[in-house]
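Only one structure is covered here, and it is reproduced in the block below.
The values are calculated or read from the model by the stated rules, or taken from the named source; none is laboratory data. None of these values were measured; they are calculated from a predicted model. Ideal geometry is used to build each Cβ from the backbone, glycine not excepted, and the neighbour counts take in all protein chains shown. Calculation scope for accessible area: heavy atoms of the full protein, side chains included, ligands and nucleic acids excluded. Shrake-Rupley method; radii C 1.70, N 1.55, O 1.52, S 1.80 Å.
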Amino acid sequence: MRGFRKHSKPTGGVLAIALISVAFVGVGFSAWVGLLAQRGRTGEVEEHATRRRVAASNTRASIKVYALQRAITSSIDSDGLSFNPTALGGWSDTSTAPWNGYAMESTTRIAGLNAFSCTWDYPYSKILDVNAKTKSLGFATSEIGAISASYGISTSYLRTYLRSRSPILGGDLLLLHRSSRSPEAIPAVIGNIRVAGRVVHFVPEVQPENYTARSARFDSPPGVTVNAAPKDLAGNSIAPSNLSWTPITFGRRDGAYVADFTGRLNVVDAPNNGGNSLKARVVAAASTIQDSGTSTTTDARGYSNPGTGTVTITQCVGLTSPADLPSIVLTDEIREIIIDGQTGSNFSTYAPFRPAFAVLYTQNSASNRKLNTIRLRNQGARRMLLAIKQATPVGGTPVNIIIEDSNAICEWNAIIVAENTPLTVTLSGGATTLNLVGGIQTDSSLTLRGTSTRMQLLLQTDTRGLIRLAPRAAWVETIMPDKIPGSSTLENTW
């Protein structure tokens, strides 16, 4: 049998495998190149995000400064605000529409309470809508994935609230302000004084022996050494609040154009402190009694001034009165103010339901008679705002508030505001404890006489009438709404 040779034939398998391998390598290389390109753009995207965050922060900061320095103390801005610094390359473009009206005259109360604000209750608010523009990230249509050279404009709305409210009715039952006298007087608090709320001391450098009040909480502005040794109601040491401080203002000081944030007080009679002058609010009411110590005036509703320097005010005459006693504005030449409260059913069932009113006394340095005594007789269930102002730079004459009541525990529903007027409280007639339902706001010293007497400052929960009458503190809150007006897009820039 003849032998034969077997000849092999190429099958193409090796070639196919080689082609597949080359294809995989090509795909991998392309993916790697694409990844590198994408990674190269990451820096640009992050840079854009950083610039936008900076632009948003600049917008928020500029609006807050504008609101604090201009909008709180002014009544109108016919041009609004336009903020577009060229140094930022057009990344931040902020504007507001024209507005009018004093912020601290607002009577609008809106839903939504900021738990970290300056009050436990809903404050009044003036709203500024801000149109805030920043550059948005776009893509060129000519090249998929390439960042566009011309950025679009992303518009958002920064809602700015100019909040204001009486700090005393908001839980700050004792406020000690910086003095406007020269040299500056440091307000001391001497005596057995208990505050069932918060003490706000704008001058905490007062020496420990000159601060003996006890309170549930104690707060002071940052950057000031706290020499005072605050104690709680049980007598234990408490630390001042460590929450961040919200800049607050009570408006303009005399002769100043912008708002004051140093804690000085100018709210009793302040013509240039638009929206936060107690006298302006009281005088605006048509029924207000305006009188001077030199005149002779009698009003059947409960006011008597024989012109001898002693004025008598009866909070509630009773059911026989033709009408409720309105607010009273007194000026100069008065040595003594007597305020008669109530006893019996007149105290418990009648006076608490009468409208709140104010007693305001201003004394110029030229006044021959100087106020030295305020007598509070019996108890006072009618809500009252008692305000005293002595003109600077003289003033500073102590005024003695004498409580005359036969009850051991005496109660007065009153807010006391004193400017340039040291107060000394004396209990007599058998009274050993004064429950002051309201609070005290002063830029001078407060002294309670007697080692066996006590004064308690309690929160006034019935704010009807008082809340619009009492001087306010103001602050600013900026909020970015969840939704842009007219759009369903969620906006989380801020």
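What to note about this one:
- Taking other residues whose beta carbon is less than 12 angstrom from the beta carbon of residue 474, and scoring Lys, Arg as +1 and Asp, Glu as -1, yields +2.
- Taking one quarter of the surface of the C-alpha convex hull of the stretch 243-311 gives a mean projected area of 7.4 nm².
- For the stretch 363-432, the alpha-carbon radius of gyration amounts to 1.22 times the rule-of-thumb value 2.2 N^0.38 Å expected for a compact globular protein.
- Relative protection proxy for 185-193, 459-467, from highest mean packing down: 185-193, 459-467 (other beta-carbon atoms within 10 angstrom).
- Diffusion constant of the stretch 157-280 at 20 °C, which comes from Stokes-Einstein with the Kirkwood Cα-pair radius and 1.002 mPa s, µm²/s: 136
- Short-range pairs are left out: with C-alpha atoms under 8 Å and at least six residues apart, the relative contact order of the stretch 301-453 is 18 percent.
- Debye log10 I(q)/I(0) for the stretch 273-380, one point scatterer per Cα, at q = 0.17 Å⁻¹: -0.83
- Net charge contributed by nearby residues that have their C-beta within less than 12 Å of residue 115 (K/R +1, D/E -1): -2
- Rg of the Cα atoms in the chain, relative to 2.2 N^0.38 Å, amounts to 1.47.
- Value of Rg to Rh for the stretch 325-387 (Rh from inverse mean 1/r over Cα pairs, i.e. Kirkwood): 1.05
- Relative contact order of the chain, pairs being alpha-carbon contacts under 8 Å that are 6 or more residues apart, as %: 14
- Local electrostatic count at residue 352 - Lys and Arg +1, Asp and Glu -1, tallied over other residues with Cβ under 10 Å: +2
- Segment residue 181-residue 280, length gained on full extension (0.36 nm per residue, minus Cα span): 33.3 nm
- Apolar share of the accessible surface for the chain: 55 percent from carbon plus sulfur atoms, 1.4 Å probe.
- Highest average packing first - 368-377, 240-249, Cβ atoms within 10 Å: 368-377, 240-249
- Around the amide H of residue 358, modelled in the peptide plane, lie the amide H atoms of 327, 328, 385, all under 5 Å away and 5 or more residues distant in sequence or on another chain.
- Set against the 2.2 N^0.38 Å expectation for a compact globular protein, the stretch 364-480 has a Cα radius of gyration ratio of 1.19.
- For the peptides 299-307, 397-405, 20-28, residues were scored by their other Cβ atoms within 10 Å and the scores averaged per peptide; the highest-first order is 397-405, 299-307, 20-28.
- The number of Lys pairs in the chain with C-alpha atoms less than 26 Å apart, excluding pairs fewer than 8 positions apart on the same chain, is 11.
- Our helix-only sum for the chain, with -39,500 (n - 2.57) per DSSP H run of n ≥ 4 divided by its residues, gives a mean residue ellipticity at 222 nm of -4500 deg cm²/dmol.
- Looking at the chain, the accessible area is 47 square angstrom per residue; that uses a 1.4 Å probe and ignores ligands, DNA and RNA.
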